[in-house]
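All remarks here apply to the structure that follows.
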Amino acid sequence: MGAGRFSAILFLCILLGGCMRWGPTGESVADNGREVKMAKLEFLTRDGCRNTPKMLEALEQALASMGSPPKLEIVHQSELASDDPRVGYPTPTILVNGSDVFGQPVPTPPFPAPS
């Protein structure tokens, strides 16, 4: 992974850390009397993805640099239903609240086979 991609991940995590609340899916917290929905951070991978170790390490380093890092959910595509849109993303992919951090659109069926 290049320094540019790592920098983008670090920037994103710092930006989101200041703008969102992090926690388990669907969890809400009270913030000055109003309810705030927690953000969801997912790392998509599959068996044999050669880029996963480097990207996961960079993401974990970026999250560790945050004062209060979010919970990271590692999702193996082989454990998802065949009609789950997350199956169609290339790996590795980082999703925040279901959106790819690099702006890739949500895949639609038929999903390509992993390469």
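The values are calculated or read from the model by the stated rules, or taken from the named source; none is laboratory data. In this text the structure is predicted, and so the values were computed from the model without any measurement. Neighbour counts are summed over all protein chains in view; Cβ atoms, including those assigned to glycine, are modelled from backbone coordinates with ideal geometry. The accessibility values were calculated without ligands, DNA or RNA, using every heavy atom of the protein model including side chains. Shrake-Rupley method; radii C 1.70, N 1.55, O 1.52, S 1.80 Å.
Model label points for GLU57 and ASP83, set 7 angstrom from Cα along the Cα-to-Cβ axis, are 4.0 nm apart. Which length gain, in nm to one decimal place, applies between ARG50 and LEU72 when the Cα-Cα distance is subtracted from 0.36 nm times their residue separation? Residue separation times 0.36 nm, minus the Cα-Cα distance, leaves 5.9 nm.
In region 38-101, what percentage of the DSSP-assigned beta bridges are antiparallel, given to the nearest 5?
Details: 6 of 11 bridges.
Here the antiparallel bridges make up roughly 55 percent for region 38-101.
In the context of the full protein assembly, THR108 retains an accessible surface of approximately 100 Å², using a probe radius of 1.4 Å and ignoring ligands and nucleic acids.
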